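Read the structure below first, then the notes.
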Amino acid sequence: MTIAHFLINDLKPIGFDTKPTEALNLMEEFRFSHFPVLNENQTWAGNISYDQLISEFNISKRITPDLLEDFYATEEDFFLACISKFGNFRANFIPVINHQNKYLGYVTLEDLMAEMAKHPFYAEPFTWLSVKNNTVKFAMSEISKILESNNAKTFGIAIQYQNEIHTSAYIKLQVEHIDSLIQTFERFGYVVEIYKKEGEHYDLLNDRFGNLLKYMEL
(Lines give C-alpha, C1' and ligand atoms only; values in the text may rest on other atoms or scores of the structure.)
Protein backbone atom coordinates (compact mmCIF):
# COMPACT_ATOMS: atom_id res chain seq x y z
CA MET A 1 0.00 0.00 0.00
CA THR A 2 1.42 3.40 -0.97
CA ILE A 3 1.40 6.72 0.86
CA ALA A 4 -1.29 7.99 -1.54
CA HIS A 5 -3.81 5.86 0.40
CA PHE A 6 -3.17 7.91 3.57
CA LEU A 7 -2.84 11.35 2.01
CA ILE A 8 -4.62 14.19 3.85
CA ASN A 9 -4.94 17.70 2.45
CA ASP A 10 -6.73 19.85 4.99
CA LEU A 11 -4.11 22.48 5.81
CA LYS A 12 -2.40 25.32 4.01
CA PRO A 13 1.41 25.38 4.31
CA ILE A 14 3.11 28.48 5.64
CA GLY A 15 5.70 30.67 3.88
CA PHE A 16 8.88 32.43 4.90
CA ASP A 17 6.83 35.56 5.50
CA THR A 18 4.66 33.82 8.12
CA LYS A 19 5.21 35.15 11.62
CA PRO A 20 6.58 32.59 14.08
CA THR A 21 3.66 33.19 16.41
CA GLU A 22 1.21 32.34 13.61
CA ALA A 23 3.15 29.16 12.81
CA LEU A 24 3.11 28.12 16.46
CA ASN A 25 -0.64 28.66 16.67
CA LEU A 26 -1.18 26.44 13.61
CA MET A 27 1.05 23.69 14.99
CA GLU A 28 -0.73 23.76 18.32
CA GLU A 29 -4.11 23.65 16.57
CA PHE A 30 -3.17 20.58 14.49
CA ARG A 31 -0.91 19.10 17.22
CA PHE A 32 1.89 18.61 14.70
CA SER A 33 5.60 18.33 15.46
CA HIS A 34 6.42 20.07 12.16
CA PHE A 35 4.75 22.25 9.56
CA PRO A 36 5.48 22.52 5.81
CA VAL A 37 7.03 25.71 4.45
CA LEU A 38 6.68 26.81 0.81
CA ASN A 39 8.91 28.98 -1.35
CA GLU A 40 7.57 32.06 -3.13
CA ASN A 41 6.91 29.93 -6.23
CA GLN A 42 4.77 27.61 -4.08
CA THR A 43 7.20 24.68 -4.17
CA TRP A 44 7.96 22.84 -0.94
CA ALA A 45 11.03 24.25 0.85
CA GLY A 46 11.19 22.09 3.98
CA ASN A 47 9.64 21.66 7.42
CA ILE A 48 9.88 23.90 10.46
CA SER A 49 9.71 22.11 13.79
CA TYR A 50 7.76 23.16 16.85
CA ASP A 51 10.90 22.82 18.99
CA GLN A 52 12.83 25.08 16.62
CA LEU A 53 10.22 27.78 16.87
CA ILE A 54 10.12 27.57 20.64
CA SER A 55 13.89 27.55 21.17
CA GLU A 56 15.20 29.92 18.52
CA PHE A 57 12.54 32.53 17.86
CA ASN A 58 10.92 35.49 19.45
CA ILE A 59 8.24 37.66 17.87
CA SER A 60 10.74 39.85 15.99
CA LYS A 61 12.51 36.99 14.15
CA ARG A 62 11.63 35.21 10.90
CA ILE A 63 11.55 31.70 9.50
CA THR A 64 14.68 31.17 7.38
CA PRO A 65 15.76 28.28 5.08
CA ASP A 66 18.66 27.22 7.34
CA LEU A 67 16.19 26.30 10.10
CA LEU A 68 14.16 23.87 7.97
CA GLU A 69 14.38 20.08 8.14
CA ASP A 70 14.49 18.13 4.89
CA PHE A 71 12.25 15.06 5.08
CA TYR A 72 9.24 14.10 2.97
CA ALA A 73 7.43 11.29 1.18
CA THR A 74 6.07 10.88 -2.32
CA GLU A 75 2.74 9.35 -3.34
CA GLU A 76 4.53 6.28 -4.72
CA ASP A 77 6.39 5.45 -1.49
CA PHE A 78 5.45 2.23 0.31
CA PHE A 79 3.91 3.25 3.63
CA LEU A 80 6.20 1.07 5.77
CA ALA A 81 9.24 2.82 4.28
CA CYS A 82 8.17 6.06 5.97
CA ILE A 83 8.09 4.71 9.53
CA SER A 84 11.81 5.33 10.11
CA LYS A 85 11.43 8.99 9.10
CA PHE A 86 9.02 9.59 11.97
CA GLY A 87 11.61 8.29 14.42
CA ASN A 88 14.65 9.92 12.83
CA PHE A 89 13.09 13.38 12.93
CA ARG A 90 10.95 12.88 16.07
CA ALA A 91 7.95 13.75 13.91
CA ASN A 92 4.27 12.85 13.87
CA PHE A 93 3.81 14.48 10.46
CA ILE A 94 5.42 13.91 7.04
CA PRO A 95 4.67 16.14 4.03
CA VAL A 96 3.95 14.48 0.70
CA ILE A 97 5.34 16.10 -2.43
CA ASN A 98 5.59 15.23 -6.12
CA HIS A 99 8.70 15.09 -8.30
CA GLN A 100 8.41 18.80 -9.03
CA ASN A 101 8.52 19.61 -5.28
CA LYS A 102 4.84 20.56 -5.25
CA TYR A 103 3.19 20.04 -1.87
CA LEU A 104 0.31 17.54 -2.11
CA GLY A 105 -0.64 16.97 1.53
CA TYR A 106 0.65 15.00 4.49
CA VAL A 107 0.50 11.69 6.36
CA THR A 108 0.48 11.12 10.12
CA LEU A 109 2.22 8.57 12.30
CA GLU A 110 -1.08 7.66 13.93
CA ASP A 111 -2.70 6.69 10.60
CA LEU A 112 0.24 4.55 9.49
CA MET A 113 0.50 2.75 12.84
CA ALA A 114 -3.25 2.08 12.79
CA GLU A 115 -2.87 0.47 9.36
CA MET A 116 0.01 -1.69 10.56
CA ALA A 117 -2.07 -2.90 13.50
CA LYS A 118 -4.66 -4.34 11.06
CA HIS A 119 -2.18 -6.69 9.41
CA PRO A 120 -2.21 -10.37 10.42
CA PHE A 121 1.40 -10.06 11.55
CA TYR A 122 0.22 -7.86 14.43
CA ALA A 123 -3.52 -8.47 14.75
CA GLU A 124 -3.96 -12.27 14.67
CA PRO A 125 -3.92 -13.85 18.19
CA PHE A 126 -1.40 -16.58 17.48
CA THR A 127 2.06 -17.39 18.83
CA TRP A 128 5.08 -15.06 19.02
CA LEU A 129 8.68 -16.17 19.00
CA SER A 130 11.77 -14.00 19.22
CA VAL A 131 14.90 -15.84 18.07
CA LYS A 132 18.51 -14.71 18.16
CA ASN A 133 21.71 -15.99 16.59
CA ASN A 134 25.17 -14.77 15.66
CA THR A 135 24.82 -12.31 12.79
CA VAL A 136 27.17 -14.39 10.61
CA LYS A 137 25.04 -17.52 11.15
CA PHE A 138 21.63 -15.83 11.05
CA ALA A 139 19.77 -16.76 7.86
CA MET A 140 16.14 -16.17 6.88
CA SER A 141 16.28 -19.18 4.56
CA GLU A 142 17.30 -21.42 7.46
CA ILE A 143 14.55 -20.01 9.70
CA SER A 144 12.00 -20.67 6.95
CA LYS A 145 13.18 -24.29 6.62
CA ILE A 146 12.94 -24.79 10.41
CA LEU A 147 9.38 -23.45 10.42
CA GLU A 148 8.39 -25.53 7.41
CA SER A 149 9.87 -28.75 8.85
CA ASN A 150 7.75 -28.25 11.98
CA ASN A 151 4.55 -27.61 9.99
CA ALA A 152 4.29 -24.07 11.28
CA LYS A 153 1.99 -21.60 9.55
CA THR A 154 3.96 -18.36 9.39
CA PHE A 155 2.28 -14.92 9.35
CA GLY A 156 5.48 -12.93 9.18
CA ILE A 157 9.10 -12.49 10.19
CA ALA A 158 10.60 -9.13 11.13
CA ILE A 159 14.10 -8.16 12.21
CA GLN A 160 14.00 -6.81 15.76
CA TYR A 161 17.63 -5.65 15.90
CA GLN A 162 20.91 -6.32 14.16
CA ASN A 163 24.51 -5.49 14.98
CA GLU A 164 27.95 -6.93 14.22
CA ILE A 165 27.53 -9.66 16.85
CA HIS A 166 23.86 -10.68 17.00
CA THR A 167 20.68 -10.54 14.95
CA SER A 168 17.23 -11.05 16.46
CA ALA A 169 13.87 -11.52 14.73
CA TYR A 170 10.21 -11.71 15.68
CA ILE A 171 8.18 -14.56 14.21
CA LYS A 172 4.37 -14.66 14.21
CA LEU A 173 3.11 -18.21 13.68
CA GLN A 174 0.62 -20.95 14.36
CA VAL A 175 2.02 -24.36 15.24
CA GLU A 176 0.71 -27.45 17.01
CA HIS A 177 3.93 -28.60 18.69
CA ILE A 178 5.65 -25.43 19.90
CA ASP A 179 8.12 -27.28 22.15
CA SER A 180 9.41 -29.30 19.20
CA LEU A 181 9.83 -26.09 17.18
CA ILE A 182 11.80 -24.40 19.96
CA GLN A 183 14.05 -27.45 20.30
CA THR A 184 14.73 -27.38 16.56
CA PHE A 185 15.75 -23.72 16.71
CA GLU A 186 18.07 -24.49 19.60
CA ARG A 187 19.69 -27.37 17.71
CA PHE A 188 20.54 -24.93 14.93
CA GLY A 189 22.14 -22.53 17.41
CA TYR A 190 19.25 -20.07 17.83
CA VAL A 191 18.32 -18.67 21.24
CA VAL A 192 14.55 -18.31 21.79
CA GLU A 193 14.32 -15.03 23.72
CA ILE A 194 10.54 -14.58 23.86
CA TYR A 195 7.76 -17.11 23.69
CA LYS A 196 4.09 -16.06 23.91
CA LYS A 197 1.51 -18.80 23.70
CA GLU A 198 -1.54 -18.66 21.45
CA GLY A 199 -4.49 -17.07 23.24
CA GLU A 200 -2.53 -15.01 25.77
CA HIS A 201 -3.97 -11.53 26.18
CA TYR A 202 -0.63 -9.77 26.26
CA ASP A 203 0.30 -8.73 22.74
CA LEU A 204 3.98 -7.84 22.68
CA LEU A 205 4.20 -5.82 19.47
CA ASN A 206 0.94 -3.95 19.95
CA ASP A 207 2.27 -2.92 23.34
CA ARG A 208 5.47 -1.71 21.70
CA PHE A 209 3.41 0.28 19.17
CA GLY A 210 1.50 1.87 22.02
CA ASN A 211 4.75 2.88 23.69
CA LEU A 212 6.03 4.31 20.41
CA LEU A 213 2.90 6.41 19.93
CA LYS A 214 3.23 7.77 23.47
CA TYR A 215 6.92 8.54 22.80
CA MET A 216 6.10 10.40 19.59
CA GLU A 217 3.13 12.26 21.04
CA LEU A 218 3.56 16.00 21.43
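The values are calculated or read from the model by the stated rules, or taken from the named source; none is laboratory data. Fair warning: this is a prediction, and the values are worked out from it, not measured in the lab. Note: ideal-geometry Cβ built from the backbone for every residue, glycine included; neighbour counts use all protein chains shown. In case anyone asks, the SASA skips ligands and DNA or RNA and just uses the protein heavy atoms, side chains included. Shrake-Rupley method; radii C 1.70, N 1.55, O 1.52, S 1.80 Å.
Worth pointing out:
- Cleavage-rule hits (GluC sites (Glu not before Pro)) in the range 1-103: DSSP loop, at most 13 neighbouring Cβ within 10 angstrom: 40, 76
- Area accessible to solvent at residue 51, 1.4 Å probe radius, in Å²: 110 Å²
- Carbon/sulfur fraction of accessible area - the range 93-153, other protein chains in place, 1.4 Å, %: 50 percent
- Expressed as a fraction of 2.2 N^0.38 Å, the C-alpha radius of gyration for the range 1-159 is 1.36.
- With all protein chains modelled, accessible area of residue 31 [1.4 Å, Å²]: 140 Å²
- Accessible-area composition of the range 7-76, carbon plus sulfur, in percent [1.4 Å probe]: 45 percent
- The range 34-171, relative contact order [Cα under 8 Å, separation at least 6], %: 16 percent
- Largest-first ellipsoid semi-axes for the range 43-120, taking √(5λ) over the Cα gyration tensor eigenvalues, angstrom: 27, 16, 9
- Residue-wise HN-Hα coupling along the range 28-39, computed from phi with Karplus coefficients 6.51, -1.76, 1.60 (Hz; x: Gly, Pro): 6, 5, 8, 6, 9, 6, 9, 9, x, 10, 10, 6
- The residues of the range 100-187 present an accessible area of 53 Å² per residue when probed at 1.4 Å with all protein chains retained.
- Rounded to whole Å, sorted largest first: equivalent-ellipsoid semi-axes of the range 86-175, Cα gyration tensor: 33, 18, 12
- Rounded to the nearest 10 Å², the accessible area of residue 1 at probe 1.4 Å: 90 Å²
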